[in-house]
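The values are calculated or read from the model by the stated rules, or taken from the named source; none is laboratory data. A quick note: this is a predicted structure, and the numbers were derived from the prediction, not measured. Quick reminder, even Gly has a Cβ in these numbers, built from the backbone with ideal geometry, and neighbours come from all protein chains shown. Only protein heavy atoms, including side chains, enter the accessible area calculation; ligands, DNA and RNA are left aside. Shrake-Rupley method; radii C 1.70, N 1.55, O 1.52, S 1.80 Å.
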Amino acid sequence: MKYYAIIVAGGSGNRMQTETPKQFLLLKNLPVLMHTIKAFAQSDTQPKILLVLNKDQQAYWARLCEEFNFHIPHQVIDGGIERFHSVKNAIHTIGEESYVAIHDAVRPLVSKSLIDNCFKEAELQGTLLQRYNQATVCAC
């Protein structure tokens, strides 16, 4: 069974009243989003990371990755109108039975143990859910 982490990063920064969306603000000299991706990349399950970004922010993200020499593998997915649509876009790219974590990009302080325990719990619950043909998703 494969593991995926959907990192939803489509915010525009309107509520914070900043020109720079929260996911791109610096935290300890690194954009917040990079801290979030690193947290999932360092987990025991090593999920494939699906980053959901607004189309208008993707070129900026690519520049940030170059500027900060950020090379953690991840796939960029086009965001939707609302968070629901963004998550749906990412789920549609997964073509196999999987365990999927869904996480907001602007919550970078998620611990490795929380991520690992979330996937473990999804595995335990998934065994029960498979009898009913339901997807196994956990929200970290």
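When Ser113, Ser43 are screened for being surrounded by fewer than 15 Cβ atoms within 10 Å (Cβ to Cβ) and either more than 20 Å from Met1 (Cα to Cα) or modelled with pLDDT of 90 or more (or both), only Ser113 passes.
Name every residue in the range 19-50 that is in a strand (DSSP E or B) and either in contact with a helix residue (DSSP H, G or I) (Cβ under 8 Å, 6 or more places away or on another chain) or closer than 20 Å to Leu109 by Cβ (or both), in order of residue number.
Passing the criteria: Leu26, Leu27, Leu30, Pro31, Ile49, Leu50.
Closer than 21 Å to Val110 by Cα and either open to solvent by 10 Å² or more (accessible area, probe 1.4 Å) or free of Cβ contacts under 8 Å to residues at least 12 places away in the same chain (or both) - does that describe any residue in the range 51-60? Taking every residue of the range 51-60 in turn, none turns out to be closer than 21 Å to Val110 by Cα and either open to solvent by 10 Å² or more (accessible area, probe 1.4 Å) or free of Cβ contacts under 8 Å to residues at least 12 places away in the same chain (or both). Of the listed requirements (1) of a type in the set (Val, Ile, Thr); (2) in contact with a Leu (Cβ under 7 Å, 6 or more places away or on another chain); (3) under 23 Å from Glu121 (Cα atoms), Ile91 misses just one: (2).
Criterion first (among the β-branched types (Val, Ile, Thr), part of a loop (DSSP other than H, G, I, E, B) and within 27 Å of Leu26 (Cβ to Cβ)) does Val110 satisfy it? It is true that Val110 is among the β-branched types (Val, Ile, Thr), part of a loop (DSSP other than H, G, I, E, B) and within 27 Å of Leu26 (Cβ to Cβ). Given the condition polar (S, T, N, Q) and modelled with pLDDT under 95, answer yes or no: does some residue in the range 67-87 qualify? Yes, there is a match, as at least one residue in the range 67-87 is polar (S, T, N, Q) and modelled with pLDDT under 95. Determine whether the range 7-19 contains at least one residue that is under 14 Å from the mean Cα position of the chain (by Cα), over 24 Å from Asp116 (Cα atoms) and touching a residue at least 24 places away in the same chain (Cβ under 8 Å). Among the residues of the range 7-19, at least one is under 14 Å from the mean Cα position of the chain (by Cα), over 24 Å from Asp116 (Cα atoms) and touching a residue at least 24 places away in the same chain (Cβ under 8 Å), which makes the answer yes.
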